[in-house]
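Read through the structure below, which is laid out as structure tokens, and then see the notes.
What follows is calculated from the coordinates using simple rules that are stated; it is not laboratory data. These numbers come from a predicted model, not from an experiment. FYI the Cβ positions are ideal-geometry reconstructions off the backbone, even for glycines, and counts take in every protein chain you see.
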Amino acid sequence: MPPPGLPLWLKLTFTLWVVIWATTYARVLGWQNFLWLCDLASFLILVALWTESRLLISAQWLAVALVGVLWAVDVAVAFATGVHPIGGTEYMFNDARPLAFRLLSLFHLVLPLVAGYGVWRLGYDRRGLGWQVALTWLVIPLSYVVTDAERNINWVQGPFGQPQTTLDPLVYLVGLMLAWPLVVYLPVHLATLALRRRRRP
């Protein structure tokens with residue numbers, strides 16, 4: 001096991017990255033974009049690194065681990081075949097935006113690495129699941145109320161970036177609030193606990 005704590009170089013590098021990324025996104029996409037759960041995770045991971053909060057880094061590990069993997073799979077398959085097996089990353093191939101700007105979205109690959117390293121160094125706090133669920137249940141209704149419907153922030157208008165018309169909007173929203181923890185957070189939580197048990201002597 002490495003000594004506890006996080007290295008200063010990681011804190012400084014990630015801080016610089018967040019400043020560049022957030023400044024660019026704010027100018028081009030506006031404040032609504034920061035309500036995406038993965039965008040919020042960038043700021044919360046930054047806080048977790050500097051405070052070395054095991055609880056906060058654990059919660060954000062749940063937020064970004066599986067999402068980062070699925071994002072990478074969708075981009076990679078679309079790049080190789082032109083088909084998005086999951087959806088939601090079509091913007092990465094939209095030539096209307098400069099390539100340099102689209103490449104900033106590679107933070108989806110960086111966040112799981114940083115959060116995973118933080119959990120490895122600080123340990124995993126199982127209370128992170130409850131904290132992340134509470135944050136999600138706050139952010140999803142807020143996204144529905146205060147953001148433009150066509151932006152579909154956190155997929156509150158429909159899954160995989162596409163609007164849905166099958167369900168009543170509020171019924172769909174409740175289902176989304178239940179599905180997010182069950183499908184995204186719980187598998188990562190259980191896998192992390194299992195790995196932690198295996199590492200113990």
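Result for the chain in a Gaussian network model with C-alpha springs under 10 Å: among Ala149, Ala134, Ala100, the largest mean-square fluctuation is at Ala100. Dipole of the chain computed with +1 at Lys/Arg Cβ and -1 at Asp/Glu Cβ about the Cα centre; of Val28, Ala191, Pro112, farthest Cα towards the positive end is Ala191. Of the residues Arg97, Arg54, Arg121, the one that moves most in a GNM of the chain with alpha-carbon contacts below 10 Å is Arg97. Note on Leu109/Val145: beta-carbon distance plugged into 1/(1 + (r/R0)^6) with R0 of 25 Å gives a FRET efficiency of 0.25. Cα axis of helix 37-51 to longest principal axis of the chain: angle in degrees, 0 to 90, nearest 10? Once rounded, the angle reads 20 degrees.
Estimated from the Cβ-Cβ distance and a Förster radius of 30 angstrom, the FRET efficiency linking Thr15 and Gln164 is about 0.20.
Near Leu49, once Lys and Arg are set to +1 and Asp and Glu to -1 for all other residues with Cβ below 13 Å from its Cβ, the sum equals +2. Only Cα pairs under 8 Å and at least 6 apart count here; give the relative contact order of the stretch 104-201 as a rounded whole percent. Answer for the stretch 104-201 is 26 percent. Using a 7 Å offset from the Cα along the Cα-to-Cβ direction at both Leu195 and Ala80, what is the distance between the two label points in nm, to one decimal? Calculated label separation equals 2.3 nm. Applying the Karplus relation 6.51 cos²θ - 1.76 cosθ + 1.60 with θ = phi - 60° to the stretch 23-29 yields 3J(HN,Hα) values of 4, 5, 5, 4, 6, 8, 9 Hz, where x marks Gly and Pro. The magnitude of the dipole of the chain, with charges of +1 and -1 set on the Cβ of Lys/Arg and Asp/Glu and taken from the Cα centre, is near 1000 debye. The slack in the chain from Glu52 to Asn33, taken as 0.36 nm per residue of separation less the alpha-carbon distance, amounts to 4.2 nm. Gaussian network model of the chain, Cα springs within a sub-10 Å range: biggest mean-square fluctuation belongs to which of His108, His84, His189? Maximum among the listed residues: His84. When you restrict to C-alpha pairs under 8 Å that are six or more residues apart and normalise by the size of the stretch 8-199, the relative contact order lands at 26 percent. Placing unit charges on the Cβ atoms only, positive for Lys and Arg and negative for Asp and Glu, gives the stretch 113-194 a dipole magnitude near 360 debye about its Cα centre.
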